[in-house]
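Asker: Please read through the structure below; I'll follow up with questions.
The values are calculated or read from the model by the stated rules, or taken from the named source; none is laboratory data. Remember, it's a predicted structure, so these values are computed and weren't measured experimentally. To get the accessible areas, we keep the full protein, side chains included, count just its heavy atoms, and leave off ligands, DNA and RNA. Shrake-Rupley method; radii C 1.70, N 1.55, O 1.52, S 1.80 Å.
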Amino acid sequence: MVTVNQQRVPRKRTYLMCSPEHFAVEYAINPWMDVTAPVDAELAVKQWDRLRETLVSLGHEVHLLTPERGLPDMVFAANGAFVVDGTVYGAQFKHEQRHAEAAAHRAFYEANGWRFIAPSETNEGEGDFAYLPEAHGALVLAGHGFRTEPAAHAEAQEALGRPVVSLRLVDPRFYHLDVALASIDDENIAYYPGAFSAASQRVLTQLFPDAVIADAEDALAFGLNLVSDGLNVVLNSEATRLAGKLKAAGYHPVPVELAELKKGGGSVKCCIAELRH
Ligand SMILES: CN(C)C(=N)NCCC[C@H](N)C(=O)O
């Protein structure tokens, strides 16, 4: 049971990020992308740099993936794989425009000695998978409905040896799990119920009675697309009410501005893959 005065303890994390050097909105594969809206590429790099510096200043280790020309969404590094306890379950992107990113991620993991498992099913890495090492033993939460196929949930369970709970996303604005739900420590989550089917909402209520619930406005401001080290929660600065709720629950919200990358349909979490040894 989580109490308001609980002492929250941060755990040092290792992350993977990829600079938005080649970021652009050249195609529209989610409702947030508008190819006619101008993107300030320089500002995108500045905001991304600030995010990277924020993580480093919190004591985390950040590895970098080399961005590739012609892959404008590569900045969304969370989508390239899902890593649990040293095993990497690779991504297989739904949209042709992002297919080549999977190979870049695979090359990174293989070059750095990780145990890499190639997928046979469509899945977009941490975009649709979240890991809670202390929830009900150890749980993977997995989204489907827009990008990742349910068959990939079963494949991930076999690859990673952790129970995978399938959750159905029903609103195209929340096309990845990580826009609608985030782990805020090893055992608890924050989420927006309206992004999920009624049955999946019941599953979440049963598994996480103490979850922090976001409202539609904060969820649509990408507030749930956050990363947390168990104490410090780095989140989009527009999600002010969610920041207040996290504070009331004993976390330390760290707001960052990422307005340019939002034009690609992503925010904080999308830019950050967690490397779990
Ligand atoms: C939670 N989100 C949104 C992510 N993890 N990734 C962002 C991917 C954005 C990219 N344009 C796409 O539509 O694939």
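Asker: Calculated from DSSP H runs of 4 or more alone, at -39500 (n - 2.57) each and per residue, what is the 222 nm mean residue ellipticity of the chain, nearest 500? Intermediate results must be reported in sequence, preceding the final value.
Answerer: On the way: 7 runs with 67 residues, N = 277.
It lands at -7000 deg cm²/dmol.
Asker: If you don't mind, another one. Based solely on C-alpha atoms, express the radius of gyration and the Dmax of the stretch 1-135 in angstrom.
Answerer: Computed over the Cα atoms of the stretch 1-135, radius of gyration and Dmax are 16.6, 49 Å.
Asker: Which one, Asn112, Asn123, Asn79, has the greatest fluctuation when you compute a Gaussian network model over the chain with C-alpha springs under 10 angstrom?
Answerer: Asn112
Asker: Gaussian network model of the chain, Cα springs within a sub-10 Å range: biggest mean-square fluctuation belongs to which of Leu64, Leu55, Leu141?
Answerer: Leu64
Asker: If N is the number of residues in the stretch 171-277, what value comes out of its Cα radius of gyration divided by 2.2 N^0.38 Å? Intermediate values should be presented prior to the final figure.
Answerer: Numbers: Rg = 12.8 Å, N = 107, 2.2 N^0.38 = 13.0 Å.
Cα Rg divided by the expected 2.2 N^0.38 Å: 0.99.
Asker: What shape does the chain take by its C-alpha gyration tensor, where a ≥ b ≥ c are the square roots of the eigenvalues and a/c under 1.5 counts as rounded, a/b above b/c as prolate, and the rest as oblate? Don't jump to the answer; show the numbers that get you there.
Answerer: Numbers: a/c = 1.30, a/b = 1.14, b/c = 1.14.
It is rounded, given that a/c, with a ≥ b ≥ c, falls under 1.5.
Asker: Probe radius 1.4 Å, ligands and nucleic acids ignored: give me the carbon and sulfur share of the accessible area of the chain as a rounded percent.
Answerer: Values: 5610 of 11130 Å².
In the chain, the share of accessible area belonging to carbon and sulfur is 50 percent.
Asker: State, as an integer percentage, the relative contact order of the chain based on alpha-carbon contacts under 8 Å between residues 6 or more apart. All intermediate terms of the calculation are to be shown ahead of the outcome.
Answerer: Values: 613 pairs, mean separation 64.0, N = 277.
Rounded, it is 23 percent for the chain.
Asker: From the cross-link list Lys12/Lys247; Lys46/Lys262; Lys12/Lys263; Lys46/Lys263; Lys12/Lys269, which pairs have alpha carbons spaced over 24 Å apart? Walk me through the numbers on the way to the answer.
Answerer: Numbers: Lys12/Lys247 20 Å; Lys46/Lys262 14 Å; Lys12/Lys263 30 Å; Lys46/Lys263 15 Å; Lys12/Lys269 16 Å.
Where the Cα-Cα span goes over 24 Å, the pairs concerned are Lys12/Lys263.
Asker: Enter the accessible area per residue of the chain (Å², integer; probe 1.4 Å; all protein chains in place). Mind dumping the intermediate values first?
Answerer: Working: 11130 Å² over 277 residues.
Per-residue accessible area for the chain comes out at 40 Å².
Asker: Largest first, how would His277, His136, His22, His153 line up by accessible area (1.4 Å probe)? It would help to have the intermediate numbers written out before the result.
Answerer: Numbers: His277 150, His136 115, His22 45, His153 5 Å².
Per-residue accessible area, sorted high to low, gives His277, His136, His22, His153.
Asker: Pick from Gly145, Gly250, Gly137: which residue has the top mean-square fluctuation in a GNM of the chain where Cα pairs under 10 Å get a spring?
Answerer: Among Gly145, Gly250, Gly137, the largest GNM mean-square fluctuation belongs to Gly137.
Asker: Roughly what % of DSSP beta bridges within the chain run antiparallel, to the nearest 5?
Answerer: Details: 17 of 37 bridges.
If we restrict to bridges inside the chain, about 45 percent are antiparallel.
Asker: Which cross-chain or sequence-distant (5 or more) residues have an amide H under 5 Å from the amide H of Leu226, H modelled 1.01 Å from N in plane?
Answerer: Residues meeting the criterion, in which the H sits 1.01 Å from N, are Lys269.
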